[in-house]
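Here is the structure we will look at.
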Amino acid sequence: HTTIFTILLTAVMPLVAQPLVGQESYLIAGRVTDTEGRAVGGATIELSSGYQSTLSRLDGHFELRVPAGMVQLRASRIGYTPATVTIALAEGAVDSLLIRLQPIPIHLQGVSVEAPRAPPMAHTVTAQTVRQVPPLAEPDIFRAVVLLPGVSQPNDLKGRIHLAGGASDETGIYLDGHPLQDPFHLLGLLGAFNVAALDRADLLIHHLPPSAGGRLSGIIDLQTRRPGEEPAYEAVASLVSTGLTVTAPPVLGGMDLLASGRITYLDRIADWVYPEIPPLDFREALVRIGRGWAGGWRAEALVFSTQDRYTDRELSASPGYQPLTWGESLLGLRLDRRGMIWDVSGRASFNRATVHMDERTIDVDSLPFSRSNFIHTRRDWLSGALQATRTAERWELIAGASLDQRQNQQMWTAQGLMDEIFSPNTPGEYSGEQMQSLFALFGEARVQLGKRWTVAPGARAWSAGGIRIAPRAHLGFRASEALEIEAALDRRYQWDTQLEEPVEGSITPPLFLLEEPRTADVVAVSARLRPAQLPYSGTSVFHVQAFRKEYRDRTLLNARESRETEQSVDPDFPVFDRVTGHSTGAALSAKIAFRADGLLQGSYSYQRVRENVDGLVSPTAWDAPHTVVLFGSAPLGARWTLNASYQGHSGRATTPVLARTFEPFSTSLTELRSRYLRGARNSIRVPAYHRIDLGARREWHVRNAEVTLALQALNLLARENPIDYDWQHYFGRLSGSNQRRAGRAGLPFLPSIGMEVKW
């Protein structure tokens, strides 16, 4: 990779270094509006023949310096049809250009659209289209990205995302560029975001920009909602929670506001909705305040907080009892300046994620068992970055630096509980603290070579116990107006690891910082075809992509030998084996928007993930080779829209238990304990997964408000999709019951209803 990077850099940098000598330029100033004359903020206005671009402000105004002559400008924003205008610049500047964008109806957008000025090989999911996907009780951004190719969730109860065959901790999640650690509710079942507070989610898998690092599989970059010209309010109520979102344009002191909150009452209705749901409740809040100044300056402050709690009904009245609580808090600051020559941005954030449970104060005299479990984890993450971007007609240069400081404090005493919440290879007692500082420099040069080729070499240099270079490159070829081909080559480092994949329906597992990073090399190719308008259809997109990821260095927690050792204190814990592996995959996807306001899209993904452990190659625990996803939306008349989705994938791999034996538990030989003889690692699979969901939406306009009724039915065929084998449960009940299957089922047939009000 270093050789390839050096060749590309040698070929490209002379082109970047050449100035545009003797070329006149003029300033274009104008405004972007919709067809009714309302300002469109956040629209991208770019020179069609190069990299020069800018964003419209909240009032729709923009300025852009372009070369003299005949120029073509393209304006675009998610939710609108792009518009192109041609201007002849020969005598002076243009100061009154008006560009009108046509809004796109929500049901035509689909689940995935291409983001304007997004990094190469990226997908975008908008908040508007997330609402169209039949939700798990209510719209969830993480349940919508699963409909994209190369993305998977192993089962109904696991909301964490696997990208291109990677483990769930290899997926990074950012909010307005600030890193998050565990933004999930209900033991990982739902994302911790009110969809009304989000604008979109950019999904970066096969090629990461140089400013993004520290994850082997990719990142999900969530962007908060931007205010319009008038204050806007949105209330959402479902069977699970109620949320309120407010956006306000610049008013007091020129500051604009986004405020959103959500609270659940699931703990109060769980018994009659779905008795197997534990009594959980959650709440969240997001506030962003921003202000802009002349000269392209803008500052933002962001606060995000989540809190979940589990209340044991049996012990809720015990004095001093602390229920299980967990949550995350983020404070972020951002300063941006869009200039005529250089764009500069800086960010800084502090994030804290916690898990806490304390049952040591419970009066156990009245209980048939002892409750002395204690768990406390606190993970602090201080992160900052500075980036400068220089754009010209046919090239763009990006350079910057980042600093991350992390501190993890983790301790627990939970004898006999580790299997259920963390891992069977975890000791019953542990206490430890880790600190880490990572400094990185990054850069990338994007150059347009002729009318068809673009090349973008870059690198990220890490300083942590030595210098590590992570080169990356992107190559693009536009064969025609309809066909675009891309290739990417990345080296990636990750400096933390979880013990194992999180147990479904359990709290966040401990996360440990590494002195030597995990390493992966990624090669990916992509072809996107936008053919001419097909019969009976409007916009259509066909996409093929393939990738190969080599894990040069990966962590695997050492297995513990016996039940007795498992429950003891281990001063050397954790000890990770360093293994190698690879993931290979390909995906085919299509999206067709019909003239009658209907939409059909689907994808097939094939991916295999294998690890080499002690010379034996076996699948990983999340390996599911085949995934098929379909989504359709169709108008039914009278303002009703019908949405349907199908998900199906191969059952993931698991390790079988061949037999159960008994051994003395103490020297008295009067007590016996079970031990399990396991077979080959991940040599069998959970049965295949299939689920059909339906949703219907009806819109009304009442005075200045828009009211939407949402009906949905999840798992329409009531399939008992198993999420895992529970061998201990199976053997424990085998002698006294007629149980035939060692599994735990996922969601039942689950109808739901919700109401949205916007004004």
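The values are calculated or read from the model by the stated rules, or taken from the named source; none is laboratory data. Remember, predicted model here, so these are calculated numbers, not experimental data. Here Cβ is always computed from backbone atoms with ideal geometry, including for glycine, and neighbour counts include all displayed protein chains. For accessibility, only protein heavy atoms count, side chains too; no ligands or nucleic acids. Shrake-Rupley method; radii C 1.70, N 1.55, O 1.52, S 1.80 Å.
Computed FRET efficiency, Cβ-Cβ of A634 and Y265, R0 30 Å: what is it to the nearest 0.05?
0.35
In the P(r) worked out for segment 144-213, what percent of Cα pairs fall beyond 13 Å?
Values: 1677 of 2415 pairs.
Percentage above 13 Å: 69.
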A461-T242 pseudo-label distance in nm [points 7 Å out on the Cα-to-Cβ vector]:
5.7 nm
Once the piece of chain linking L642 and F439 is laid out straight, how much longer is it, given 0.36 nm per residue of separation minus the C-alpha distance between them?
68.1 nm
Simple label model, 7 Å out from Cα along Cβ direction - D553 to L333, nm:
3.5 nm
Starting from the Cα of E229, move 7 Å in the Cα-to-Cβ direction to define the label point; list residues of segment 286-310 whose amide nitrogen is under 18 Å from there.
none
How much FRET efficiency would the formula 1/(1 + (r/R0)^6) give for E36 and L616, where r is the Cβ-Cβ distance and R0 is 51 Å, rounded to 0.05?
0.20
As an exercise, use a Förster radius of 35 Å and the Cβ-Cβ distance of I341 and S480 to find the FRET efficiency, rounded to the nearest 0.05.
0.55
Calculate the spin-label point distance for L403 paired with A348, positioning each point 7 Å from the Cα along the beta-carbon direction, and give it in nanometres.
0.9 nm
Place a +1 charge on the Cβ of each Lys and Arg in segment 206-290 and a -1 charge on the Cβ of each Asp and Glu, then give the dipole magnitude about the Cα centre in debye, rounded to the nearest 20.
240 debye
Stretched fully, the stretch from R530 through R360 gains (0.36 nm per residue minus C-alpha distance, one decimal, in nm) 55.0 nm
Determine the shape class of segment 184-273: with a ≥ b ≥ c the square roots of the Cα gyration tensor eigenvalues, call it rounded for a/c under 1.5, and otherwise prolate if a/b is greater than b/c, oblate otherwise.
oblate
Can you sort R390, R288, R698 by solvent-accessible area, 1.4 Å probe, largest first?
R390, R698, R288
When all protein chains stay in place, what accessible area (Å², nearest 10, 1.4 Å probe) is found for T389?
20 Å²
State the extension gain, in nm to one decimal, for the chain segment bounded by E515 and I469, taking 0.36 nm per residue of separation less the distance between their alpha-carbons.
15.0 nm
Phi-based couplings in Hz for segment 126-141 (Karplus 6.51, -1.76, 1.60; Gly and Pro marked x):
8, 5, 4, 7, 4, 5, 7, 6, x, x, 8, 6, 7, x, 9, 4
